[in-house]
Structures are given as structure tokens and as C-alpha cells.
Amino acid sequence: MQFIDLGAQRDRIRDRLDAAIDRVVDEGKYILGPQVTEFEQKLAAYVGVKNVVACANGTDALLLPLLASGIGPGDAVFVPSFTFAATAEVVALAKAEPVFIDVDAETYNIDIASLEAAIAMIKAEGRLKPRAIIPVDLFGLGADYAAIAEIAERENLLVIEDAAQAIGGSIDGKMCASFGKVASTSFYPAKPLGCYGDGGAMFTNDDEFAARLRSFAFHGKGETQYDNVHVGLNSRLDTLQAAILIEKLAILEDEMIARQKVAQRYRDGLHNVVKVAHVPQGHRSAWAQYAIETPHRDALKAHLQEKGIPSVIYYVKPLHQQVAYRDYPVAPGGLPVSEALPTRILCLPMHAYLSAEDQDRIISTISDFIASKSAQHAAE
């Protein structure tokens, strides 16, 4: 059993992938070949934005909007603590300061009350200037962008949607990666839309900002790469990866439908056993991960491993407790949810090709284990 079965997906579109790869190799346009533009246009149409700017990886896709916006020393950028390091890493790389926010206990996305309190704290201190918010669509579920947009407009803050796990997700029919002034995503192989290496992209409806992103991603170029108007990066999506992504994008919506069925089967089978993933009304998760919570997490993980069932803990420690980030500001009142989740959360196998038989085995194994723990507790 695979935690994420890329092999099953590859078998489904093997002939198309092989042909696409062969075409790139035969044409010899390995850097910024026509498939890059084709992929950008097709992804823009899928997400419903005017511009997609492809780049080398998901971390660059977060860093480049900061650089293009002039965010740097003396600036505060508000980020959730319960997420992957890249969300805060890019802020530090831009020489600004990440300000860590707690997450909501149900959605695992940025907590609005914590965000408001942190903004007020930074303004009162006066050391940093509030400049941006980077909400994360964690595990594929869109953040509360209605509330975030209202705060951002009031405080004049840039919103950079971190949709690294959420391509294919939506809120009231509006696709993830279409919120905020700019959104970013990753095409790391394990993502719902992933390539066979590293890759990323940025999304915006602002044509002028899209042009700035392209410049910063290509050594800060002006008219040509030999006309440098900014200090930029070398961050391009390889033509080979773009060709692969075109074929994967073609089946993404079908895979999204399959992921919803897998998630519903988990919910139906486990909602009376453990705390299952919560999806607010109107939201569609891309289900990059399926998370459950239980006080017996470590014992359950070990039991699943004994039974040949893979599981992963996302994340073992919140960012504000990591050595690299522990000296940065934290929202007033602390981050109790972000600190508690690492002791309780466990992610189960989740992909579009998970068979009902395998899923039933996962569900029954968890159910039996939790039942035995409950019986043991009752006996004591």
C-alpha cells in the first residue's frame, strides 16, 4: 500500500507522458520551450485567473512576490506556525520578519482572531511595519479568505495565498490559487498537481504585477536578460516538467472527484472513532492529505506500521518552536492549537487511486485499535 500512489497515476497516462517527454527531447527547447507557455495558459484557465507565471519551485513562488513587492527589512509578514517551513523561510530570506499566528482547531488554517491580535501587537510596538499575510490552504483546504480580505483591505496588507497543497480545491466555486493579489503553488511530486521534479507557479489578475514577477524570476531582466532592472533570481520551470504537468492537469479534475470519494469514505468510516477532517460548507478540499486526530496517535501510528499501512505526521513541531524561527514574533496569547496538534494529528494514505478494499482495511484497522484502547481504558 502506498501513502501517495504516483505509480498508478503514471500507468494511467503513461503513453501520453512518454510522447510528451519525447517531444521535448526531440525539439531540444529545454529552457522556456513552448510547453511552458501552454501549461501556464491551461492552468490559468483551470484556476480562473488572468496570469500564471511558472517558476522553479514552490519556495521561489512564495519568495518572488515578496521581492516584487519590495518587502524587506523592517517589515512584518503574518504567517501560520502550523505549516511547512517554506512559508516562513521566504519571509526571512527577504530580510523581513515572519510573525507567527495560531491556526483554527477545526480547519488547521490561519486563525482570524490570532491574526487580528498579532497585527494590533505589531502596530502597538512600532518596531515593524505590517506589510503582508501569507495564509496557507493547509492539506488542500482553502483558508477563510472573506475574513482575511476584509482585514487586508483595512490594514493595507498584501495577501499572498500559499496554495502549495490546494490546486483543485475551491471555495463557493472559486478555485484555490485565485485569492489575494497573488497566489503561489508547488508542483513537488507529492502535490495534487505534481511534476517529476521541482516546479512552482504564481497566479495573479494584475498584469503589471505578473510582468514584475517574470522579471524577478529571470535575473531581474528588463527588455532582455542582458538588461537587468532588478536584482532577481534564476527561477524557471523546465520545459520537460511543463510537458508532464500538461498531461497531469488534463486529468486533475477527474482525480479531484475521486479524492472527494476517498475523503467521504474515510469520514463515513471513522467519524465515530477519531476526529476526522473538517470541511466548511461551500469548500472543496484538494485533499493533499487526510488528517485525523487521536490522543493515541503514536501508538496508532506504530500499530498501522505493523500492519503495513503507511501514515505520516504533519507537522512534528510548529515553526515558532523550530531553532531557525524561535526568535521571531508570536501572536499575543501564544499558539496553543499549533502546539497541541503535533501530539495528536496523523495523516492517512490519500490519493485518487486508493482502492475501496485498501481503504476499508485502513478504516477497520484504526477502528479495531481504538476500540481496544477504549476497552482497556474502561477496564482500568
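Structure notes:
- Overall, the ratio between the Cα radius of gyration of region 8-150 and 2.2 N^0.38 Å, rounded to two decimals, is 1.33.
- Set K261/K373; K123/K174; K317/K373; K191/K261; K181/K221; K123/K317 screened for pairs whose C-alpha atoms are more than 24 Å apart: K261/K373; K123/K174; K317/K373; K123/K317
- Taking a Cβ cut-off of under 12 Å around I313, the surrounding Lys, Arg, Asp and Glu residues balance to a net charge of +2, with basic ones at +1 and acidic ones at -1.
- Other-chain or far-sequence residues with amide H under 5 Å of N228's (modelled H): G222
- With kT/(6 pi eta Rh) evaluated at 4 °C and eta = 1.567 mPa s, and Rh the Kirkwood radius from Cα pairs, region 164-224 diffuses with a coefficient of 101 µm²/s according to Stokes-Einstein.
- Span from the region 115-150 Cα centroid across to the region 188-249 one, whole angstrom: 26 Å
- Over region 177-312, the ratio between the Cα radius of gyration and 2.2 N^0.38 Å evaluates to 1.43.
- Along each principal axis, Cα extent of the chain, largest first, Å: 75, 60, 36
- Per-residue SASA entry for D162, accessible area with 1.4 Å probe, Å² rounded to 10: 10 Å²
- Calculated SAXS-style log₁₀ I(q)/I(0) at q = 0.13, 0.20, 0.21 Å⁻¹ - region 113-226, Debye, Cα scatterers: -0.60, -1.10, -1.15
- Mean Cβ neighbour count within 10 Å, used as a protection proxy, ranking 52-62, 288-298, 335-345 highest first: 52-62, 288-298, 335-345
- Each of A210, I110, C347 was scored by the projection of its Cα onto the charge dipole of the chain, and the greatest displacement toward the positive side belongs to C347; charges sit on the C-beta of Lys, Arg, Asp and Glu.
- Taking all protein chains together and rolling a 1.4 Å probe, E38 ends up with roughly 70 Å² accessible.
- R131 sits with roughly 60 Å² accessible to a 1.4 Å probe, with DNA, RNA and ligands left out of the calculation.
- Region 262-316: C-alpha gyration tensor shape, a/c 1.5 cut-off, then a/b vs b/c: prolate
- Using only side-chain charges placed at the Cβ, +1 for Lys and Arg and -1 for Asp and Glu, the dipole size of region 1-73 relative to its Cα centre rounds to 200 debye.
The values are calculated or read from the model by the stated rules, or taken from the named source; none is laboratory data. Because the structure is predicted, anything quoted here is derived from the model rather than measured. Methodologically, a virtual Cβ is constructed for each residue, glycine included, from the backbone with ideal geometry; neighbour enumeration extends over all protein chains shown. To get the accessible areas, we keep the full protein, side chains included, count just its heavy atoms, and leave off ligands, DNA and RNA. Shrake-Rupley method; radii C 1.70, N 1.55, O 1.52, S 1.80 Å.
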